[in-house]
Amino acid sequence: PQGTERTNSLELGNVLTTEAIRSILSDQDIASALFPHLPETSDNTNEELHEIIHSPQFRQSLHRLSAALQSGQLGPLMTQLGLDPSAGNGVEAFLAAIEEQARRRDDQDRDSMDQD
Amino acid sequence: MSDAGNWCLIESDPGVFTELISGMGVSGIQVEEVFSLDETSLDKLKPIYGLIFLFKWQGAQSSMPHPDSQDDANDHVFFAKQIINNACATQAILSILMNNSDIELGDDLSNFKSFTADFPPDLKGLAISNSDLIRSVHNSFSRSDPFINEMQDSSAQGDEDLFHFISYVPVHGALYELDGLSSGPVNLGPCNEENWTEKANQVIMERMRKYSESEIHFSLMAVTKDRIETLQEQLDEFSGLLMSLGDADQEQRREFESQISILQYEYEQEKTKRARWKRENQLRQHNFIPLTYNLLRILAERKKLQPLVNAAKAKKRLERERSDKK
């Protein structure tokens, strides 16, 4: 019954709301994993990360990426990110592919632990 | 207008325009947004080299009847026809830089100016679109997410707002309106260094009156001398005056001192603003895709992504139901 949903209207900004990710960003492990992806000139601090995630420039980038995903032409970029090219078929497909990728990694980790 | 060579859309922001100008090798220039069209606001920004009026372009020809353009104006006014849609901000900026002999253009733009001096307007426009320097500086604001930019360019006719830029600039004792979509420069009558902004104001206000009826968005930018340099010069001047004063003239002394402290305050404000612009430009030029992807990946690995997606979808559904009911 989900077929009637107009799913194309979901934006990355709707998922990564500033309220939703505030607590997540205060986790030091997560913050440290994100530092390498900040602009080169940035300080690698939680405050800086917080500020950048809240900046209009980051929000605009989310908006552009969402629009590009909805146009369905981001196959090559998806391959670069290690995702299936079909992840470029919309915001939901992109999010689902990231979920799927995480699940696969999880399974692999479990398999390698079993082998030990 | 063709799409020649992928020019990205850039944000109409004084910080972006200022960096664009210095990126082309021009020194000592700043762009400021003008919020109020009265002479006192403009006086504060002087010296002003030109004004850029921008408004949301609606495709049709301007409702403004153009005064006759001068056929011989091309001899002494740099005027280029607009060849590429997305380059109009850069074109409007160039129209001002190229028409003022006080501005230090730097080697690249000086060469460009002399190279194109005898070109007719359409060839000048073509030369701008073919200039590697101008295009690469313009595109350095492409926010380095290349896939997305190329696509945005091709879909720009959609609901992307198309802004149009017109420059007002004094050249050899006359005020000119330079609109890359017009056939040539429009002579708006004689002016001098002192009164040209006032005359430009009248023309711009007339345009605003027309456009506000049809709810067209517009804004105004001034291309000025570097504010930090201007304020530094004024500070030096007052410090000199203060030093030359005798001890007797206490009242004059106090006045100079208060002027100096006002200027110092403005100087600090300006420095802070420049630092902010620099930071904003760095963020504009940063490729945020890796950050976004890794944020989403980590959320997924910690089983936190699906709840966020579900919440976002639920919220969307609720919004839709609300709007459907209306």
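The values are calculated or read from the model by the stated rules, or taken from the named source; none is laboratory data. Note that the coordinates shown come from a computational prediction; the quantities given were computed from them, not determined experimentally. Backbone-built Cβ (ideal geometry, glycine too); neighbour counts: all protein chains shown. Calculation scope for accessible area: heavy atoms of the full protein, side chains included, ligands and nucleic acids excluded. Shrake-Rupley method; radii C 1.70, N 1.55, O 1.52, S 1.80 Å.
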Can you give the accessible area of B:GLU319, probe radius 1.4 Å, in Å² rounded to 10? 90
For the range A:35-103: rounded, prolate or oblate by the Cα gyration tensor [a/c cutoff 1.5]: prolate
Using modelled amide H (1.01 Å from N, peptide plane; none on Pro or chain starts), what sits under 5 Å from the amide H of B:VAL171, excluding residues fewer than 5 places away? B:TYR176
Note: A:76-87 gets an average of partner chain Cβ contacts (10 Å, Cβ to Cβ) equal to 2
In square angstrom, what is the accessible area per residue of the protein assembly as shown with a 1.4 angstrom probe? 51
Reachable lysines, given that their alpha-carbon falls under 30 Å from the alpha-carbon of B:LYS210 and they are not under 8 places away in the same chain: B:LYS44, B:LYS46, B:LYS56, B:LYS81, B:LYS199
In the protein assembly as shown, taking the dipole from +1 charges on Lys and Arg beta carbons and -1 charges on Asp and Glu beta carbons about the Cα centre, the listed residue (B:PRO121, B:SER27, B:LEU9) farthest towards the positive end is B:LEU9
Convex hull volume per residue in cubic angstrom - Cα atoms of the range B:228-284: 53
Considering protein heavy atoms only and a 1.4 Å probe radius, which residues within the range A:18-57 exhibit an accessible-area decrease of no less than 30 Å² in the full assembly relative to the chain by itself? A:ILE24, A:ILE30, A:LEU34, A:HIS37, A:PRO39, A:THR41, A:ILE52, A:GLN57
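Would you mind telling me the share, in percent, of accessible area of the protein assembly as shown contributed by carbon and sulfur at probe 1.4 angstrom?
Ligands and nucleic acids excluded, carbon and sulfur give 48 percent.
Quote the relative contact order of the range A:11-70 in percent (integer), defining contacts as alpha-carbon pairs under 8 Å separated by 6+ residues.
Numbers: 31 pairs, mean separation 27.2, N = 60.
For the range A:11-70, the relative contact order is 45 percent.
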Which of the peptides B:37-49, A:66-78, B:181-193 is most tightly packed, and how do the rest follow, going by the mean number of other Cβ atoms within 10 Å of each residue? A:66-78, B:181-193, B:37-49
Per residue of A:96-104, how many C-beta atoms from partner chains lie within 10 Å of its own C-beta, taken as a mean? 5
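Taking every eigenvalue of the Cα gyration tensor of the protein assembly as shown, multiplying by 5 and rooting it, what semi-axes result, largest first, whole Å?
Here the semi-axes work out to 47, 29, 21 Å.
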Based only on Cα atoms, what Rg/Rh ratio does the range B:184-236 have, Rh being taken as Kirkwood's radius? 1.11
Taking a probe of 1.4 Å and counting only protein heavy atoms, give the total accessible area buried between chains A and B in Å², rounded to the nearest 100. 4400
Max mean-square fluctuation residue, GNM over chain A, Cα-Cα springs under 10 Å, options A:GLU51, A:GLU100, A:GLU19: A:GLU19
Could you give the size of the charge dipole of the protein assembly as shown about its Cα centre, using +1 on the Cβ of each K and R and -1 on the Cβ of each D and E, expressed in debye and rounded to the nearest 20? 1860
Which residues qualify? For B:GLY50, with a placed amide H closer than 5 Å and at least 5 residues away or on another chain, they are B:VAL223
With unit charges on the beta carbon (Lys/Arg positive, Asp/Glu negative), name the residue among A:LEU69, A:GLN57, A:SER26 whose Cα is farthest towards the positive pole of the charge dipole of the range A:11-70. A:LEU69
What number, rounded to the nearest 500 deg cm²/dmol, is the helix-based mean residue ellipticity at 222 nm of the protein assembly as shown, given -39500 (n - 2.57) per DSSP H run of at least four residues and division by all its residues? -17500 deg cm²/dmol
For chain A, averaging the sequence separation of alpha carbon pairs under 8 Å that lie six or more residues apart and dividing by its residue count, the contact order in percent is 22
